[in-house]
Amino acid sequence: KGASKIYEFLKIKCQPVAINSGTVWPKTGPIIANKTLTVSILQPIEPSLESKDFLKLLQESIYKELDILN
């Protein structure tokens, strides 16, 4: 929700980024050594969307990329 507040307040493009670090540093369990982290810079989101539409697009684009990375 914080990202949508910033997006709404500043009225500028949002640059989504997807990082597959969850496969190396999981919330529970051991850290997996010798694994490559990938950072993907995704298409920017223009500043014309409503908050709920922005969050939906942001989430969908990041999860779609993570599905590809993992």
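The values are calculated or read from the model by the stated rules, or taken from the named source; none is laboratory data. Note that the structure is a prediction, hence the values are computed from the model and not measured. Methodologically, a virtual Cβ is constructed for each residue, glycine included, from the backbone with ideal geometry; neighbour enumeration extends over all protein chains shown. When the accessible area is computed, the model is the full protein with side chains, heavy atoms only, and any ligands, DNA or RNA have been set aside. Shrake-Rupley method; radii C 1.70, N 1.55, O 1.52, S 1.80 Å.
Quick rundown of the values:
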quantity: ³J(HN,Hα) computed for each position of segment 44-51 - Karplus, 6.51 cos²θ - 1.76 cosθ + 1.60, integer Hz, glycine/proline x; calculated: x, 9, 5, x, 9, 8, 6, 3
quantity: Prolate/oblate/rounded label for segment 29-70 (Cα gyration tensor, a/c 1.5); calculated: prolate
quantity: Assigned charges on the beta-carbon of Lys, Arg, Asp, Glu; the chain dipole about Cα centre (debye); calculated: 220 debye
quantity: Heavy-atom accessible area per residue - the chain, 1.4 Å, Å²; calculated: 79 Å²
quantity: Carbon/sulfur fraction of accessible area - the chain, other protein chains in place, 1.4 Å, %; calculated: 59 percent
quantity: Equivalent-ellipsoid semi-axes of the chain, from the Cα gyration tensor, Å, largest first; calculated: 28, 12, 10
